[in-house]
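Data first, discussion second: the structure below is written as structure tokens.
Readers should treat all values here as calculations from the given coordinates under stated rules, not as data from a laboratory. What you see is a predicted model, and the numbers here were worked out from it, not measured in a lab. Glycine gets a Cβ as well: all are built from the backbone with ideal geometry, and neighbour counts include every protein chain shown.
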Amino acid sequence: MPGHEVVGRVAACGRNVERFAEGQRVGIPWLGWTCDACRYCASGRENLCEAARFTGYTLDGGYGDHVLVDPRYAFPIHGDYGDAEAAPLLCAGLIGYRSLVMAGEARRLGLYGFGAAAHIVAQVARYQGREVFAFTRPGDTAAQDFARDLGAVWVGHSDEAPPEPLDAAIIYAPVGALVPAALRAVAPGGTVVCAGIHMSDIPSFPYDILWRERKLVSVANLTRKDGEEFLALAPKAGVKTAIETLPLEQANEALARLREGRLRGAAVLTMGAGD
């Protein structure tokens, strides 16, 4: 989504804004507005609000010199992150964090697809004392080396079985065929979390690999609570984002490299010198 992880400084505040001050550095995440009235919002599930609006999709995103934002859906940036370093925390990090929470207390955690979200989640998982098992596309030695550098205890291809059953697995790659593979990889009682907005069709699979109380769940968006928790946790956990910066004029190049798997971590578009 274009411009859905935005970092900048407050140029001006509306009359009733008390949460931020001019000049303060803030981040704007994917979730940009909710109704605060529906049954989802009333039950702490604003990520499912049917009237929700999203940055860079149904709200103006970061592809501009200025952007308007509802201050209730922006966050202060903690730690010593540079602007470009902080940007991936606002979607890859936040959705990744929500998927990690949905994986429960899993000690042996599998990550399918090792890109923008997984490289952040791997660091949080290691901070929490978990063992990370990384699954990449066959032949993607760069991603495998990246996972090892970030402390993965095992690295293999997405069509391989891990050396021991997993307690949970998170699928970041938008590949439906990975769902049966992940179900086979988790132990009874384990959880498979589908963390993407889109995924190719999931092929049929035998009930046996879901049986014995394995769980298959999806992640949708984020809540402001997720943002507050994760953005406070990230500097404590020592999360470092691996980024490749490109000027806004090369947005199409960045998207092409993302689709082709030619990125280490996340691509960040900058607006000018010093951004």
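For this structure, a couple of remarks:
- Which labelled figure in (1) 1.03; (2) 0.93; (3) 0.97 is Rg/Rh (Cα atoms, Kirkwood Rh), once derived from the coordinates: (3)
- Net charge, G151 excluded, C-beta distance under 15 Å - Lys, Arg +1, Asp, Glu -1: +3
- Cα centroid of region 183-207 to Cα centroid of region 1-79, whole Å: 31
- Rounded if a/c under 1.5, otherwise prolate or oblate - region 140-207, Cα gyration tensor axes: oblate
- Relative contact order (%) - criterion: Cα under 8 Å, at least six apart; region: the chain: 18
- Neighbour cut-off at most 15 other Cβ (10 Å), DSSP loop, chymotrypsin sites (Phe, Trp or Tyr not before Pro), region 63-102: Y63
- When the Gaussian network model of the chain links Cα atoms closer than 10 Å, the mean-square fluctuations of S158, S200, S99 top out at S200.
- Counted over the chain, the DSSP beta bridges are approximately 20% antiparallel.
- Close amide H contacts of G27 (hydrogens built in the peptide plane, cut-off under 5 Å, sequence separation of 5 or more or a different chain): F75, I77.
- DSSP finds beta bridges in region 32-189, and of those with both partners inside it, around 5 percent are antiparallel.
- Count Lys and Arg as plus one, Asp and Glu as minus one, and take only other residues whose Cβ is under 14 Å from that of D80; the net charge is then +1.
- With contributions of -39500 (n - 2.57) from each DSSP H run of at least four residues, the per-residue ellipticity at 222 nm computed over the chain stands at -7000 deg cm²/dmol.
- For the options H119, H198, H157, a Gaussian network treatment of the chain with springs between C-alpha atoms closer than 10 Å singles out H198 as fluctuating the most.
- Distance from region 102-133 to region 211-261 (C-alpha centre basis), Å: 12
- Summing +1 for each Lys or Arg and -1 for each Asp or Glu among the other residues whose beta-carbon sits under 14 angstrom from that of K225 gives -1.
- Residue of N252, N16, N47 that the Gaussian network model of the chain assigns the largest fluctuation, springs spanning Cα pairs under 10 Å: N16
- Note on the chain: with charges restricted to the Cβ of Lys and Arg (+1) and Asp and Glu (-1), its dipole about the Cα centre is near 580 debye.
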